[in-house]
Amino acid sequence: MAEHAAEHAAYPVGLRLSGRRVVVLGGGQVAQRRLPSLVAAGADVLLISPSATPSVEAMADTGEVRWERRRYRPGDLDGAWYALISTDDPEANAAASQEAEDRRVWCVRSDDAEAATAWTPATGRSEGVTVAVLTGRDPRRSAAVRDAIVEGLRDGSLAAPHRRTRTPGVALVGGGPGDPDLITVRGRRLLAEADVVIADRLGPRDLLAELPPHVEVIDAAKIPYGRFMAQEAINNALIEHAKAGKAVVRLKGGDPFVFGRGMEEAQALAEVGIPCTVVPGISSTISVPGAAGIPVTHRGVAHEFTVVSGHVAPDDERSLVDWPALAGLRGTLVVLMGVENSGAIAAKLIEHGRAADTPAAVIQEGTTAAQRRVDATLATLGETVRAEGVRPPAVIVIGDVVSVTADRTHR
């Protein structure tokens with residue numbers, strides 16, 4: 001039979017195992033890899049093995065699978081629809097495989113694929129699509145092909161348009177700090193499915209170049225707003241395009257809810273009943289310092305970090321930041337939109353007790369090809385920013401973590 005099977009390609013099929021008995025013999029690494037998918041399929045899984053890996057044992061402890069702590073016995077496959085044989089006992093594997101043949105139970109064998117009646121494909125999932133790849137005796141190639149297809153579906157590079165009617169709406173997508181590779185998988189997929197993209201200046205611009213020609217890309221900074229405020233005009237544009245039945249992506253730099261006015265847009269959409277999906281993004285508050293080699297926390301150095309906006313000067317009556325309180329903290333301070341007010345911010349922190357020699361760094365255009373880092377102290381921060389010609393977008397980091405490097409703990 002094995003010789004006959006090798007002459008023909010396997011016939012692919014999707015097994016609907018919900019509520020049906022599946023027997024797994026062996027609780028080692030093979031079972032650890034395969035059990036989650038069987039559980040996700042809703043199978044009634046019986047595990048038979050005298051021992052199991054900690055992960056498999058945890059699945060039994062939580063009731064996801066039933067575990068009988070013993071070796072295989074003839075008759076164990078009675079009532080099974082599918083069997084996975086992966087013990088370290090060749091004789092037990094052969095006997096169980098023969099029982100599966102006699103009972104007409106499809107059977108996978110981890111020790112002898114040619115003796116099995118079924119093969120496990122390399123599988124992956126993306127937004128309701130299951131990808132299963134079989135390449136016969138080359139599992140590594142199967143996995144590589146699977147990964148390429150799933151990645152293409154996720155990031156939109158593999159075109160697979162939805163044929164079903166889409167529900168119009170808006171996705172507020174955090175594009176990350178600037179590097180196009182740092183957008184989330186979900187964000188990239190939604191971009192690939194968009195009809196209209198309304199983008200911020202600080203969004204990852206390279207992603208826009210990858211969009212198909214039919215996608216309308218709108219620069220949020222150039223939306224005419226006449227009697228409206230700029231933000232209100234952006235809200236109206238989102239509403240207008242969504243009401244026209246378009247799939248709209250509002251592409252924002254960083255995360256939509258970190259100084260991005262994303263909630264204002266979500267509220268405006270909710271007021272008129274337009275569905276809104278929020279896709280978090282990697283915030284520059286952590287990623288940009290990290291890209292410049294600065295950890296915002298470090299054992300024995302900083303157990304906290306605080307993020308503030310510096311777009312309003314400390315002495316401005318519009319400021320909502322308690323700068324005196326921040327000066328009393330010992331941890332890391334991350335300031336966004338603070339280039340213009342960097343000198344005033346540093347002076348206010350020193351005035352209220354933060355040491356003038358506290359290390360500081362400014363990272364301009366973090367995570368992009370134009371990234372540069374400028375170091376200073378709190379006392380010299382404003383002067384250094386001016387002297388070095390630092391321009392937004394830039395992230396300011398203040399604290400002892402600035403001196404932590406990979407090859408030494410402190411400068």
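The reciprocal of the average 1/r between distinct C-alpha atoms defines the Kirkwood hydrodynamic radius, which for the chain equals 25.8 Å. For the chain, the relative contact order works out to 10 percent when only alpha carbon pairs closer than 8 Å and six or more residues apart are counted. Translational diffusion of the stretch 290-394 was estimated from the Stokes-Einstein equation, with Rh taken as the Kirkwood radius over Cα pairs; at 25 °C and 0.890 mPa s the coefficient is 174 µm²/s. If only the Cβ of Lys and Arg carry +1 and only the Cβ of Asp and Glu carry -1, the dipole of the chain around its Cα centre is close to 500 debye. Quick note on the stretch 1-150: its Rg to Rh ratio, both from C-alpha atoms and Rh being the Kirkwood radius, is 0.95. If you take the charge dipole of the chain about its Cα centre, with +1 on Lys and Arg Cβ and -1 on Asp and Glu Cβ, which of Ala100, Ser309, Val215 is farthest toward its positive end? The residue sitting most towards the positive pole is Val215. Solvent-accessible area per residue in the chain equals 54 Å², computed with a 1.4 angstrom probe and all protein chains kept. When the alpha-carbon atoms of the stretch 369-410 are used, the pair Rg, Dmax equals 11.6, 30 angstrom. Dipole of the chain computed with +1 at Lys/Arg Cβ and -1 at Asp/Glu Cβ about the Cα centre; of Gly389, Leu84, Ala242, farthest Cα towards the positive end is Ala242.
Taking only protein heavy atoms and a 1.4 Å probe, the accessible area of the chain is 51% carbon and sulfur. Only alpha carbons enter this Debye calculation for the stretch 55-102, each as an equal point scatterer, and the log10 of I(q)/I(0) it gives at q = 0.19, 0.21 Å⁻¹ is -0.70, -0.83.
The values are calculated or read from the model by the stated rules, or taken from the named source; none is laboratory data. Note that the structure is predicted; figures quoted are calculated from it, not measured. FYI the Cβ positions are ideal-geometry reconstructions off the backbone, even for glycines, and counts take in every protein chain you see. Surface areas here come from the heavy atoms of the whole protein model, side chains and all, with no ligands, DNA or RNA. Shrake-Rupley method; radii C 1.70, N 1.55, O 1.52, S 1.80 Å.
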